[in-house]
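Inspection log for the structure reproduced underneath, given as structure tokens.
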Amino acid sequence: MEKSIVYHLPLFESSQILSHVHLNDLRDYLDTETRDTRTQLIGAGIVCGLQLRIEKGEDLLSVIISGGHGVTTDGYI
């Protein structure tokens, strides 16, 4: 089953009975927005957020890499 992409925020009305379809549409919309935000603001790739620092010792050269994360082009972590 292929997941559909929801590009609109569902509207709710007073006294409306919500079904699983309504709630799933809301979840899908928020998931799409979150993934789009990740790719647009953070970027995609396996080294996003990594910071590289090189330290020289007397006889040693150290490469220090901070924590980062990976984001797919679809915005999944």
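What is the angle, in °, between the Cα long axis of helix 20-37 and the longest principal axis of the Cα atoms in the chain? Nearest 10 is fine, range 0 to 90. Taking Cα atoms only, the helix is inclined about 30 degrees.
With R₀ set to 35 Å, the beta-carbon distance separating ARG53 from TYR76 gives a calculated FRET efficiency near 0.80. Peptides 31-42, 61-72, ordered by how many other C-beta atoms sit within 10 Å of their residues on average, highest first, read 31-42, 61-72. Share of carbon and sulfur in the accessible area of the chain stands at 57%, probe radius 1.4 Å. Couplings 3J(HN,Hα) of the range 58-71, computed from phi: 4, 10, 9, 10, 10, 10, 10, 10, 7, x, x, 7, x, 10 Hz, in residue order, whole Hz [Karplus 6.51 cos²θ - 1.76 cosθ + 1.60, θ = phi - 60°; x for Gly and Pro].
The candidates TYR29, TYR76, TYR7, arranged from most to least accessible area with a 1.4 Å probe in the full protein assembly, appear as TYR7, TYR76, TYR29.
The values are calculated or read from the model by the stated rules, or taken from the named source; none is laboratory data. This one's a predicted model, so the numbers in the text were calculated from it and none came from an experiment. Using ideal geometry, Cβ is built from the backbone for each residue, glycine included, and neighbour counts are taken over all protein chains shown. Heavy atoms of the whole protein, side chains included, go into the accessibility calculation; ligands, DNA and RNA do not. Shrake-Rupley method; radii C 1.70, N 1.55, O 1.52, S 1.80 Å.
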